[in-house]
Amino acid sequence: MSTHRLATASCAIGLLTYVGLTSLVSSPQAAAGDEAGPPELLQLTGVVRDFRERSVSGGHPDFEVIPDDGYGHYTGNVSTTLGPDGKPVFIGGGMGVNKQWEDAEGRPICWRVAQDFPQPGDAAGTYDGPDNGGIQSAESFGQWYRDEPGVNMSEPLTLTLIRQFDGTYVFDDELDPEYSELGGFFPIEDRLFGNPGGYPDRNFHFTFELHGTFVYDGSAAQIFKFIGDDDVWVFINGELVIDIGGVHPAVEQYIDLDRLGLTDGETYRLDFFFAERHRTESNFRIVTNLELESVDPPSISAIFD
């Protein structure tokens with residue numbers, strides 16, 4: 001929904017970057033990485049689920065909805081820990097964000113990180129509320145990241161993150177050739193339930209979950225950042241570290257893993273949950289220097305009963 005787009009020239013540069021890197025990693029040895037250094041790309045596979053918007057027959061109440069207090073960033077509506085099945089848990093009673101928490105360098109961070117893992121220089125955010133951020137109930141939210149016959153359809157989705165000169169890996173819909181041509185992050189165009197019509201005629205109503213593991217390196221200044229819309233929740237070691245709920249333009253949040261008290265050399269899990277719930281744009285950018293490896297995604301069903 002954000003009006004921010006890169007200029008055509010920037011997209012062309014991104015396309016050339018992708019083409020060049022594709023040639024660079026065309027051999028299996030390069031794609032997998034070698035002893036000389038880290039891999040040039042990460043390929044991470046998750047599950048995308050398609051929903052019908054609330055105004056049509058069989059539509060889901062949380063898609064194409066306006067929160068009670070209007071479009072915006074809402075936080076605190078999911079538990080700070082994952083449920084027993086590894087899914088986020090809706091608790092409600094969240095708050096509208098007027099100004100995000102920030103770290104000492106002015107980077108927006110999750111309220112929960114600032115609260116439970118404080119660092120010198122953190123600056124408090126400001127909030128309104130309460131508001132559930134356009135989520136009807138725990139029952140409706142429970143359908144977002146689970147296959148539900150009669151409610152959603154699903155299929156696997158692989159993202160390719162390209163290594164940059166600064167050592168980070170980036171997926172950016174504005175630079176990826178496929179998505180830049182579509183004008184946004186629309187991974188299930190004309191598939192599953194298909195495009196709903198209207199303008200723009202894009203498949204806007206879907207969720208995406210992605211799971212990976214990484215080795216924590218206390219000397220590597222490891223980070224994870226997301227910029228986009230709509231809802232995004234990220235958990236590391238089962239704990240909430242990014243909370244960008246609601247129906248809103250592109251919002252950014254950042255986590256410095258050194259804050260979390262992780263053990264050097266240990267393997268941890270990262271769980272990523274995304275939802276696109278409203279026209280007219282879909283923005284999606286991941287930046288990280290974690291060498292993530294996909295965890296087997298959940299089973300899927302593209303059959304609609």
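Please go through region 20-51 and pick out each residue that is part of a loop (DSSP other than H, G, I, E, B) and either at pLDDT 95 or above or open to solvent by less than 30 Å² (accessible area, probe 1.4 Å) (or both).
Val25, Gly33, Pro39, Glu40
Just for region 237-265: of the residues that are hydrophobic (A, V, I, L, M, F, W, C) and within 30 Å of Gly70 (Cα to Cα), which one is most open to solvent (accessible area, probe 1.4 Å)?
Once the filter is applied, the top-ranked residue is Ala250.
If you take the residues of region 175-190 that are among the acidic types (Asp, Glu) and outside any loop (DSSP other than H, G, I, E, B), which of them is least open to solvent (accessible area, probe 1.4 Å)?
The selected residue is Glu178.
Of the numbered conditions (1) closer than 21 Å to Gly133 by Cα; (2) in a loop (DSSP other than H, G, I, E, B), Leu262 fails exactly one; give the number of that condition.
(1)
How many residues are surrounded by 18 or more Cβ atoms within 10 Å (Cβ to Cβ) and closer than 17 Å to Asp271 by Cα when one looks only at region 78-108?
The number of residues fulfilling the criteria is 6.
Name the pairs whose Cβ atoms lie under 7 Å apart, with the first residue in region 126-138 and at negative phi, the second charged (D, E, K, R) and surrounded by fewer than 17 Cβ atoms within 10 Å (Cβ to Cβ), and 6 or more positions between them or separate chains?
Thr126/Lys99; Asp131/Asp68
Quick check on region 152-169. Is at least one of its residues of a type in the set (S, T, N, Q) and closer than 30 Å to Met95 by Cβ?
yes
So, Gln143, is that one at pLDDT 95 or above and in a helix (DSSP H, G or I) or not?
No; evaluated as a whole, the condition is false for this residue.
Would you be able to say whether some residue in region 195-217 is under 22 Å from Glu40 (Cβ atoms), open to solvent by 40 Å² or more (accessible area, probe 1.4 Å) and not in a strand (DSSP E or B)?
yes
May I ask you to say which residue of Glu148, Glu105 is more than 20 Å from the chain's Cα centre (by Cα) and either over 30 Å from Asn289 (Cβ atoms) or among the aromatic types (Phe, Trp, Tyr) (or both)?
Glu148
Take the residues of region 52-73 that are open to solvent by less than 10 Å² (accessible area, probe 1.4 Å) and not hydrophobic (A, V, I, L, M, F, W, C): which is nearest to the chain's Cα centre (by Cα)?
If we take residues in region 52-73 being open to solvent by less than 10 Å² (accessible area, probe 1.4 Å) and not hydrophobic (A, V, I, L, M, F, W, C), then Asp62 is nearest to the chain's Cα centre (by Cα).
The values are calculated or read from the model by the stated rules, or taken from the named source; none is laboratory data. What you see is a predicted model; the values in this text were computed from it and never measured. Cβ: placed from backbone, ideal geometry, glycine included. Neighbour counts: every protein chain shown. These accessible areas exclude ligands, DNA and RNA; they are computed on the full protein's heavy atoms, side chains included. Shrake-Rupley method; radii C 1.70, N 1.55, O 1.52, S 1.80 Å.
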